[in-house]
Amino acid sequence: MGHRSFSFVSRGKEILPGLLIGLFLGQTLGIAASDRMITTADLLDDMTNLSALAEFPSPAYTCRQFSSYDRKSKSPSEDWFANGDSGQYLRVEERNGRQEYVMMDTAGPGAIVRIWSANPEGTLRIYLDQAEQPALEATMSDLLGGKYPGLPKPLAGEYSKGWNLYFPIPYARHCKVTSDKGKFYYHVNYRTYEAGTKVETFNKAQLQSLSGRLEKLVARLSQPRGNPQEFPGEIQPFDIELQPGASLQQSFAGPMAIRRTVVRMAATDPEAALRGVIVRMTFDGELAVEGPLGDLFGSAPGINAFSTLPTGMTPEGEMYCHWCMPFKESALVELVNFTQVPVTLSGLIALDSYRWTDASMHFHARWRSQTGVPSRPMIDWNYLTAQGKGVFTGVAFAIDNPVKDWWGEGDEKIYVDGETFPSHFGTGTEDYYGYAWCWPGLFTHAYHSQPRCDGPGNYGRTSVNRFHILDRIPFGRDFKFDMELWHWNERCKVNMAVVAYWYARPGASDGFKPIRSSEAVVLPMPEYVVPRVAGALEGETMKIVRVIGTAEPQDWDGVSGGKHLWWHAGMKTGDTLTLSFSAPKAGRYQVFGHFLRARDYGIHQLAINGIKLGEPMDFYNPDVKPTDEMDLGARELKAEDNILTVTVVGANAKAEKAYMFGLDYLLLKPMD
């Protein structure tokens, strides 16, 4: 395949030499740790300062995570994929007559940069510099849900069942975080600055003194794309057509920075074109960017509307990119069309001068994909392995899932500078991306989003991303990010693709291989067919007469109708769920049932019209799994208003004591 320069007249228009991936870049000053005091105001500014990503942090710091990951996971040879990720803490303390579960305890100087939970419980207390009284004390759901005074959405908020607080809490010497409730999932991400760094410890009065700054921050995070007029750089339009099999190249002389790009694409098959047009960028002689056009913009396949600070897509198909991208001497950009049809690209690009320093870093973005990955055995699937000095800033991930079952039970594991045990060990893939409970609902936020989830349930194509801005992760020698592939379905295969984003000083390397044309495709995804058992009385359609806790339909692949009736939330021994159902006519029937088992399901006694259906049934299983169809015995039934009662009797000794219950269906076979 041949190639040619970007500098050409296309359809009668003179266009500026430029790439179709653009970044927003400014200049930051390198200030020695001893000369600078880190304040809450500084960290608030850091939340939207994409320029700072291209400069290695000064003063230097590490970024790590405390979480409720299952402590049985000790090494790759010892329960590495253990999944009891709730209710795990450092210890329990007695304070003022109450128990406090310690989620985080670390020496400073440092700062909390993110708190997440799937089910925030109780009162959260944050103790700074070993003070007896907490600097911040609040109902956890209020603090993480955007209801705490001074910390509204999107500084905090619930997004697709995940609760996130992105408000920095700095401390000079020490930080401890506790809750007075002991059974929930959590992450606490935090920075630890190099010794000698001066940090002004947060106090609650700053919420008032910084209210004007917080209002501006809320407005900026609420409109992540920002005002195009505020971006510096000379704006030049472009309008090009890339023929099948063709490539285009353009070089730039530095020092310069690409500050912003807006791209619109036209092709007969947009999804195929966004995956099949490959962007390569070489800075100062080193290949730093290679990936499909659409994937690099943060979601795939196709256009999926979302808006974050670094990237986004509009429903009309316009893509924007604000990643910082400086180069000292030269940049070489190449576009390759691996598709069989012409692709038209138009938009604008802005470049500006840049002062390269010893702290400046090149932007990196690389893509990898793998098709037909089996769900068993469980594996750690690598997002990024890099060597050198740099800062990790995020990922965009896409998966093709051939079943409705949840594909993302796996945890993130992030290793920095030779760590043998990850300093980030998460609680679930969706938790890393800032949502929870495998929720298929779409959402968008300045730092993370789920722009696509086809459904039903988690069937089909899903696209998620998370960008580490305040919570970016510096590394001095090497960096490795693995994500467990932990699928509920034990017998399926998935297709996965990821773009990793990071910055690095010249000389850095990574483990990505060149993209082949056979990889840059969107594979077909068949339409979902709902499985049904003929004649089944679906649990999710039965009338709920009485319930303690919550009974609601839950999507589940491998069960009749694709759903089951899920009874959960706060049950105890003796609690009951009462359902009503009809029979085809009055008479005697052999009754069969189909249920779910899981590690947090209980032992239950079932009865129909007041007569027990045998002995209590134990629905515990280490993993979520449907039962076989079970013979529940013969019963005389009325035509209408038959009553099924489910009573909590207890739980298996190995079970988490949540006493949940899942009814897929009853099947009535006439005996007359």
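The values are calculated or read from the model by the stated rules, or taken from the named source; none is laboratory data. The model shown is predicted, which means the values in this text are computed figures rather than measured ones. No Cβ is skipped: glycine too gets one built from the backbone with ideal geometry, and neighbour counts run over all protein chains shown.
Conditions tested, residue by residue: (1) in contact (Cβ under 8 Å) with a residue 60 or more places away in the chain; (2) surrounded by 22 or more Cβ atoms within 10 Å (Cβ to Cβ); (3) more than 20 Å from residue 89 (Cβ to Cβ).
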{"residue": "191", "(1), (2), (3)": "yes, yes, yes"}
{"residue": "198", "(1), (2), (3)": "yes, no, yes"}
{"residue": "204", "(1), (2), (3)": "yes, no, yes"}
{"residue": "209", "(1), (2), (3)": "no, no, yes"}
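Please go through the range 465-496 and give me each residue that is assigned to a loop (DSSP other than H, G, I, E, B), acidic (Asp, Glu) and either in contact with a strand residue (DSSP E or B) (Cβ under 6 Å, 6 or more places away or on another chain) or at pLDDT 95 or above (or both), ordered by number.
471
It is to be established whether one or more residues within the range 344-353 are of a type in the set (D, E, K, R) and modelled with pLDDT of 95 or more.
Looking through the range 344-353, none of the residues is of a type in the set (D, E, K, R) and modelled with pLDDT of 95 or more.
Of the residues that make up the range 129-139, is at least one in contact with an Asp or Glu (Cβ under 8 Å, 6 or more places away or on another chain) and either more than 26 Å from residue 598 (Cβ to Cβ) or at pLDDT 95 or above (or both)?
No, the range 129-139 contains no residue that is in contact with an Asp or Glu (Cβ under 8 Å, 6 or more places away or on another chain) and either more than 26 Å from residue 598 (Cβ to Cβ) or at pLDDT 95 or above (or both).
Residues being out of contact with any His (no Cβ under 7 Å at 6 or more places or on another chain) and either of a type in the set (D, E, K, R) or within 15 Å of residue 584 (Cβ to Cβ) (or both): count how many of those fall in the range 532-549.
8
Would you mind stating whether residue 142 is more than 17 Å from the chain's Cα centre (by Cα) and without any contact (Cβ under 8 Å) to a residue 24 or more places away in the chain?
Judged against the criteria, residue 142 is a match.
Within the range 481-498, can you find the residues that are surrounded by 22 or more Cβ atoms within 10 Å (Cβ to Cβ) and not aromatic (Phe, Trp, Tyr)?
483, 484, 485, 487, 497, 498
Of 471, 482, 431, 411, which residue is closer than 19 Å to residue 367 by Cβ and within 17 Å of the chain's Cα centre (by Cα)?
Testing whether each residue is closer than 19 Å to residue 367 by Cβ and within 17 Å of the chain's Cα centre (by Cα) leaves just 482.
Residue-by-condition table, conditions (1) among the aromatic types (Phe, Trp, Tyr); (2) under 27 Å from residue 37 (Cβ atoms); (3) touching a Lys or Arg at 6+ places or on another chain (Cβ under 7 Å):
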position: 114; (1), (2), (3): no, yes, no
position: 123; (1), (2), (3): no, no, no
position: 129; (1), (2), (3): no, yes, yes
position: 140; (1), (2), (3): no, no, no
position: 143; (1), (2), (3): no, yes, no
position: 156; (1), (2), (3): no, yes, no
position: 162; (1), (2), (3): no, no, no
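Go through the range 294-325 and report how many residues are in contact (Cβ under 8 Å) with a residue 12 or more places away in the chain, of a type outside the set (Phe, Trp, Tyr) and not in a strand (DSSP E or B).
Here the count works out to 19.
Any residue at all in the range 460-480 that is at positive phi and touching a Cys at 6+ places or on another chain (Cβ under 8 Å)?
yes
Tell me which residues, restricted to the range 326-351, are among the hydrophobic types (A, V, I, L, M, F, W, C), in a strand (DSSP E or B) and over 31 Å from the mean Cα position of the chain (by Cα).
Those that are among the hydrophobic types (A, V, I, L, M, F, W, C), in a strand (DSSP E or B) and over 31 Å from the mean Cα position of the chain (by Cα): 331, 332, 343, 351.
Out of (1) over 19 Å from residue 332 (Cβ atoms); (2) surrounded by fewer than 21 Cβ atoms within 10 Å (Cβ to Cβ), the odd one out for residue 251 is which?
All conditions pass for residue 251, except number (1).
Scan the range 651-666 residue by residue and report those that are out of contact with any helix residue (DSSP H, G or I) (no Cβ under 7 Å at 6 or more places or on another chain) and surrounded by 21 or more Cβ atoms within 10 Å (Cβ to Cβ).
Once the filter is applied, which keeps residues that are out of contact with any helix residue (DSSP H, G or I) (no Cβ under 7 Å at 6 or more places or on another chain) and surrounded by 21 or more Cβ atoms within 10 Å (Cβ to Cβ), the range 651-666 yields 651, 655, 659, 660, 661, 662, 666.
Find the strands (runs of 3 or more DSSP E) located wholly in the range 557-613 whose residues include 3 or more that are of a type in the set (S, T, N, Q), and list them.
Ranges flagged: 576-581.
Determine whether the range 230-245 contains at least one residue that is closer than 30 Å to residue 156 by Cα, surrounded by 15 or more Cβ atoms within 10 Å (Cβ to Cβ), hydrophobic (A, V, I, L, M, F, W, C) and touching a residue at least 40 places away in the same chain (Cβ under 8 Å).
Checked the range 230-245: at least one residue is closer than 30 Å to residue 156 by Cα, surrounded by 15 or more Cβ atoms within 10 Å (Cβ to Cβ), hydrophobic (A, V, I, L, M, F, W, C) and touching a residue at least 40 places away in the same chain (Cβ under 8 Å).
Hey, can you tell me all the residues within the range 405-421 that are within 18 Å of residue 376 (Cβ to Cβ), assigned to a loop (DSSP other than H, G, I, E, B) and not acidic (Asp, Glu)?
Once the filter is applied, which keeps residues that are within 18 Å of residue 376 (Cβ to Cβ), assigned to a loop (DSSP other than H, G, I, E, B) and not acidic (Asp, Glu), the range 405-421 yields 406, 407, 410.
With crowded, with 17+ Cβ neighbours inside 10 Å and at pLDDT 95 or above as the only criterion, which of 111, 60, 82 stands out?
111
Would you tally the residues in the range 581-618 being over 17 Å from residue 661 (Cβ atoms) and free of Cβ contacts under 8 Å to residues at least 60 places away in the same chain?
5
Pick from the range 614-629 the residues that are surrounded by 16 or more Cβ atoms within 10 Å (Cβ to Cβ) and outside any loop (DSSP other than H, G, I, E, B): which of them is modelled with the lowest pLDDT?
Ranking the qualifying residues of the range 614-629, first place goes to 626.
Sort out which residues of the range 382-396 are among the hydroxyl-bearing types (Ser, Thr, Tyr) and crowded, with 24+ Cβ neighbours inside 10 Å, and write them in order of number.
393
Mind counting the residues in the range 630-650 that are of a type in the set (D, E, K, R) and buried (at least 17 other Cβ atoms within 10 Å of the Cβ)?
Matching residues across the range 630-650 total 1.
I'm trying to understand the selection: among the residues of the range 352-370, which are within 30 Å of the chain's Cα centre (by Cα) and in a strand (DSSP E or B)?
Selection gives 360, 362, 363, 364, 365, 366, 367, 368, 369, 370.
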